[in-house]
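What follows is a set of notes on a single structure, which appears directly below.
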Amino acid sequence: MLNGIKLVATDLDGTFLKNDKTISAENLRMLDLLGERDVIRVAATGRNFRKVKEVLPDLLPFDYIAFSSGAGIYDWKNKQLVYRQNLASETVNGIIQFFIHQNMNFHLFRAVPDNFRCWYYRGRETCEEFERYYTFHEPYTEKLPGEQKIDDDACQFLVIFPNGKGDFLKTKMELEQEFDDIKVVRTSSPLHTNYTWMEIFHKDVSKGNAVKFLCERKAIAHEMTFGIGNDYNDLDLLNFTSHSYLVANGPDELKPHFLKAPTNEENAFSKSLLNFF
């Protein structure tokens, strides 16, 4: 055990990974040290599992991957899915009609574990970032069926809003009033543009709930958890873990609420954990 820590959870992009999506030697050494001390190592990321595999080599010493913001949890060593939580088809079709009625662009992702595939719908107004996302994911996306409904559960919705218009909060409030089984999450654009992303999951989906699930599975007390992140979609994680760090490249408005870490370029993950050796 590492000075009272038995589980460590880290976000990937902007936290554990460098800006070029590589892993520093210092962070890799820290993962090895944690393993030597029997600490459970968790990557908690908004990436779907296919995108996780793009940045994490198979032999990288994590124990679990909480992907798609906790909609799925994968046992990295034993190569098996141990948890999934999708939106029910009735809710999915209700949200589809909500967005179509408002003529909004959106992507809808299939159920875990196939949620790297998605449907798209183009609304009235062109959105550059929506089109950019569509182009990048075109091999895995298809147009929403003509009847504008699906027969299966789904993992999440993605809607992109220009910053500064106030549309995000208005839409979030309307969705939460109409659907009581969802969670609406704000995420800064990973493309570093003037847009905010809205992700809609089942209400039980969060990085924090994923870590809670693993704590219960491994009989780890809340007081023995460490978390580090960089953005709004890490809030549930950082509010759950007992020792919670926000990297210096995170939003200024979140910094007063968590312990301070260096930037992801300065090995925030490994340097923050040195405090417990």
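The number of residues in segment 36-81 being assigned to a strand (DSSP E or B) and under 21 Å from Glu266 (Cα atoms) comes to 4. How many of the residues making up segment 143-173 are within 17 Å of Asn93 (Cβ to Cβ) and free of Cβ contacts under 8 Å to residues at least 24 places away in the same chain? Going through segment 143-173 one residue at a time, the tally reaches 2. The residue pairs whose first member lies in segment 1-29 and is in a loop (DSSP other than H, G, I, E, B), whose second member is among the aromatic types (Phe, Trp, Tyr), and whose beta carbons are closer than 8 Å, counting only pairs six or more residues apart or on different chains, are Asn3/Phe276; Asn3/Phe277; Gly4/Phe276; Ile23/Phe16.
Here the condition is being at negative phi and buried (at least 18 other Cβ atoms within 10 Å of the Cβ); of Ile150, Ile160, it holds for Ile160 alone. Among the residues of segment 237-277, the ones that are β-branched (Val, Ile, Thr) and in contact with a helix residue (DSSP H, G or I) (Cβ under 8 Å, 6 or more places away or on another chain) come to 2 in all.
Residues satisfying the criterion are present in segment 21-35 (criterion: within 17 Å of the chain's Cα centre (by Cα) and within 20 Å of Ala268 (Cβ to Cβ)).
Total residues in segment 136-147 satisfying the condition of being crowded, with 17+ Cβ neighbours inside 10 Å and either assigned to a strand (DSSP E or B) or within 16 Å of the chain's Cα centre (by Cα) (or both): the figure is 1. Considered as a group, the residues in segment 237-277 that are touching a strand residue (DSSP E or B) at 6+ places or on another chain (Cβ under 6 Å), assigned to a strand (DSSP E or B) and free of Cβ contacts under 8 Å to residues at least 24 places away in the same chain include one that is nearest to Val211 (Cα to Cα), and that residue is Ser244.
Rule-based calculations on the coordinates, nothing more; no lab input. As the structure is a prediction and not an experimental result, all values here were calculated from the model. So basically every Cβ, Gly included, is an ideal-geometry build from the backbone, and we count neighbours across all protein chains shown.
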